[in-house]
1. Which net charge results when you count Lys and Arg as +1 and Asp and Glu as -1 among the other residues whose beta-carbon is under 15 Å from that of Arg148?
2. Using unit Cβ charges (K, R positive; D, E negative) and no other charged atoms, how large, in debye to the nearest 20, is the dipole of the chain about its Cα centre?
3. Which net charge results for the neighbourhood of Ile157, defined as the other residues with beta-carbon distances under 9 angstrom from its beta-carbon, given Lys and Arg at +1 and Asp and Glu at -1?
4. Determine the calculated [θ] at 222 nm for the chain from helices alone, applying -39500 (n - 2.57) to every DSSP H run no shorter than 4 residues and normalising by the residue count; nearest 500 deg cm²/dmol.
5. Which of Gly63, Gly180, Gly112 moves most in a GNM of the chain, Cα contacts under 10 Å?
6. Restricting to Cα pairs below 8 Å that are 6+ residues apart, what does the relative contact order work out to for region 105-222? Please round to a whole percent.
7. Can you give the relative contact order of the chain as a percent, counting alpha carbon pairs under 8 Å and 6+ residues apart?
8. Taking R0 as 25 Å, what's the FRET efficiency between Arg8 and Arg183 from their Cβ-Cβ distance, rounded to 0.05?
Amino acid sequence: MSFTELLRQNECWRSVALTKPRLFRKGHKFYDNQPEMYFLESGRVRLMALAPDGSEKSLWYLGDGSCFNETPMFMDGDKNIPSGQGEVRFFHDCSEDCYICTFTREDVHRLGMQHPELLFNLCKSYSVKVTLLSKNAVSLCMESHLTRICKFLASRIVPGSEPLRAKRDISYRDMADLLGMHRITLYKVMRQAQERGLFSFDKNSDEIFILKPDEFYKEAHL
């Protein structure tokens, strides 16, 4: 589950959207102090952590059928998420052009009263996000660079592919950021794995061919 992309976690919210999807261009940012929840009709967004020194870290990616920025919906009144000076802030940004529906806090509360299953759905998807974040944190602290790379690739295996292959859906730069390593380190570890025959890749291709599946899955702890 580590480093995977979350897809269609909140499809039940699609049918209750009160506004038409609006186009948000690649790079648009949604900060966590905005009292609105968003439903991703199509496209891809990522959750980013912003440190006081301006450095950024990708935490996860969300695909179509996902809600995000749901935390402010459960804060009291107009209070924002508590934060102090010098603390890390969070925001979502569009990693490609997206069509997104907006729900106000009042919309979410009213719809939740009318359809309790909608709130239960948010609880379920939120628990998935917490679990994913916990697994990623443990992986960053305790697992090797190669294990994290293999976990990332294992979550992107092309079903039924022969020979077995993974399809990289983000740039190597974004992949390195998500896995918590420098891009040069990512290339170095992948080249070393290629030299030992674990998998084969070309920097100009988005496909990685898994040459030793048993060893690959063992390295990914799967």
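1. Counting the neighbours of Arg148, the net charge comes to +4.
2. 400
3. Around Ile157, the charge tally is +3.
4. Value at 222 nm, helices only: -10500 deg cm²/dmol.
5. Gly112
6. 25
7. Worked out over the chain, it gives 23 percent.
8. Once the sixth-power term is evaluated, E becomes 0.25.
Read-outs: derived from the displayed coordinates by stated rules, not from any lab. Given the structure is predicted, the values throughout are model-derived calculations rather than measurements. As a convention, Cβ positions derive from the backbone with ideal geometry for all residues, glycine included, and neighbour counts pool all protein chains shown.
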